[in-house]
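S.K.: Take this structure first; my questions come after.
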Amino acid sequence: MPELSIIIINYKSAQLICDCVQSIYAQNSSFNFEIIVLDNDSKDGSKKKILGLFPNIIWIEMNYNSGFARANNEGIKKSNSNVVLLLNADTIVENNAIEKCFNNFQFSEYVGCGVQLLNPDGSPQISGNYAMKGGLNYLLPLPFLGNLLKSFANSLNVKKPNVPEASGVVEVDWINGAFLMVKKPAIQKAGLMDEDFFLYAEEAEWCSRLKKVGKLCIFGDIHIIHLQGETSNETFASSGKGYMNLFDRKGLQIMLSNLVRIRKEFGIGWFIFILLVYTFEIPVFFIGVLISKIFFSNKYSFTAAKNYAINVFKIIRLSPTIINARPHFYKVL
């Protein structure tokens, strides 16, 4: 029986997975693990390429693009260990990071953990986060109102919603899903990931339930390289790192998933409030672009403002379903 099940989702990312898996096998690991790859209907020869190089991988076909939560849930169900690791395809393992994390984690008080994610140049990525009441942190990426809120929060010395760089063991409210290790007994109590989510925010909502079972942490002295956004950008034909681009299909998926999480975790009132702020940003966005074109640099365009408005109106049309908490697969693609 393996000690750890490493679960990786594939959607037309065969080369990334090959690089990731190769980095895992290249480590001088002494513990027993299995690797499970869930294929989200890639139809691009991924299976032949990956299994040709790594025949011991457990391959599971989802037969449709099921997203992050549903595919990981299937991997968890099929896993044969008491600890699972959700690992992004666009990660590279160095310095026995997985084994070190497992050894720190398996007999600890924590039910879930992550490590410090790094960019390829060695700079830190946000790996652990704190839950802000009502999901107010989701307003920070807004082009103009977000900047005002950041300035206001800084003036009041409000605690940041994330850990910019973890040092040692840092307790958090939720962990970046690129590397998320969880104990099976905690999953049995908290439940699997919510399958209403397609992509984004699902790990935050899941961690909110896991945290009711036990503590979550980041092991800041263990590092994993994360090629942030490589797979999702290609999927959505988007650009840019992180979650700041709200002006295309990826931006729509980000905002929609965030609002679904807010409804599930914080309730109807907070959902309506955040959606109203998103809506109020529309005229502010257009006015801000006009003023910036006259007096400042052209960071944003009227096209971006128009696309943002279209995204918000699409979410408004879905709001009755979100409010009524009806089962629904919130998938933009």
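The values are calculated or read from the model by the stated rules, or taken from the named source; none is laboratory data. Everything quoted here is computed from the prediction, not taken from an experiment. For neighbour counting, all protein chains shown are included, and Cβ atoms are generated from backbone atoms with ideal geometry for every residue, glycine included.
S.K.: Before we move on, is residue 43 among the basic types (Lys, Arg), surrounded by fewer than 22 Cβ atoms within 10 Å (Cβ to Cβ) and touching a Lys or Arg at 6+ places or on another chain (Cβ under 9 Å)? Give the derivation first.
M.R.: Working: among the basic types (Lys, Arg): yes; surrounded by fewer than 22 Cβ atoms within 10 Å (Cβ to Cβ): yes; touching a Lys or Arg at 6+ places or on another chain (Cβ under 9 Å): yes.
Criteria met by residue 43.
S.K.: Here's a follow-up. Across region 208-260, what is the number of residues that are within 23 Å of residue 23 (Cα to Cα), modelled with pLDDT of 80 or more and in contact with a helix residue (DSSP H, G or I) (Cβ under 9 Å, 6 or more places away or on another chain)?
M.R.: Number of matching residues: 7.
S.K.: For residue 269, which of the numbered conditions (1) part of a helix (DSSP H, G or I); (2) loosely packed, with under 13 Cβ neighbours inside 10 Å; (3) modelled with pLDDT under 95 fails to hold?
M.R.: Only one criterion is unmet by residue 269, namely (3).
S.K.: Please go through (1) surrounded by 15 or more Cβ atoms within 10 Å (Cβ to Cβ); (2) at pLDDT below 95; (3) of a type in the set (S, T, N, Q) for residue 28 and return the number of the only condition it doesn't satisfy.
M.R.: Every listed condition holds for residue 28 apart from (1).
S.K.: From (1) free of Cβ contacts under 8 Å to residues at least 60 places away in the same chain; (2) in contact with a strand residue (DSSP E or B) (Cβ under 7 Å, 6 or more places away or on another chain), pick out the condition that doesn't hold for residue 113.
M.R.: Of everything listed in (1) free of Cβ contacts under 8 Å to residues at least 60 places away in the same chain; (2) in contact with a strand residue (DSSP E or B) (Cβ under 7 Å, 6 or more places away or on another chain), residue 113 misses just condition (1).
S.K.: To continue, here is another question. Out of all the residues in region 147-166, which are in contact (Cβ under 8 Å) with a residue 24 or more places away in the chain and not hydrophobic (A, V, I, L, M, F, W, C)?
M.R.: Kept after step one, since they are in contact (Cβ under 8 Å) with a residue 24 or more places away in the chain, are these residues of region 147-166: 159-166.
Result: 159, 160, 161, 162, 164, 165.
S.K.: Would you confirm, using the coordinates I've provided, whether residue 74 is in a strand (DSSP E or B), modelled with pLDDT of 95 or more and touching a strand residue (DSSP E or B) at 6+ places or on another chain (Cβ under 7 Å)?
M.R.: no
S.K.: Out of 277, 289, 284, report the one residue that is crowded, with 18+ Cβ neighbours inside 10 Å and of a type outside the set (Lys, Arg). First the steps, then the outcome.
M.R.: Numbers: 277 fails: crowded, with 18+ Cβ neighbours inside 10 Å; 284 fails: crowded, with 18+ Cβ neighbours inside 10 Å.
Just a single option satisfies the conditions, and that option is 289.
S.K.: So which of 44, 90 ends up being of a type in the set (Asp, Glu), in contact (Cβ under 8 Å) with a residue 12 or more places away in the chain and more than 16 Å from residue 179 (Cα to Cα)?
M.R.: The match here is 44.
S.K.: Now, a different point. Any idea how many residues of region 12-25 are touching a residue at least 40 places away in the same chain (Cβ under 8 Å) and either buried (at least 24 other Cβ atoms within 10 Å of the Cβ) or of a type in the set (A, V, I, L, M, F, W, C) (or both)?
M.R.: The first filter runs over region 12-25 and keeps only residues touching a residue at least 40 places away in the same chain (Cβ under 8 Å), leaving 12-13, 16-17, 19-20, 23-24.
Now restrict to residues that are either buried (at least 24 other Cβ atoms within 10 Å of the Cβ) or of a type in the set (A, V, I, L, M, F, W, C) (or both): 13, 16-17, 20, 24.
Qualifying residue count for the region: 5.
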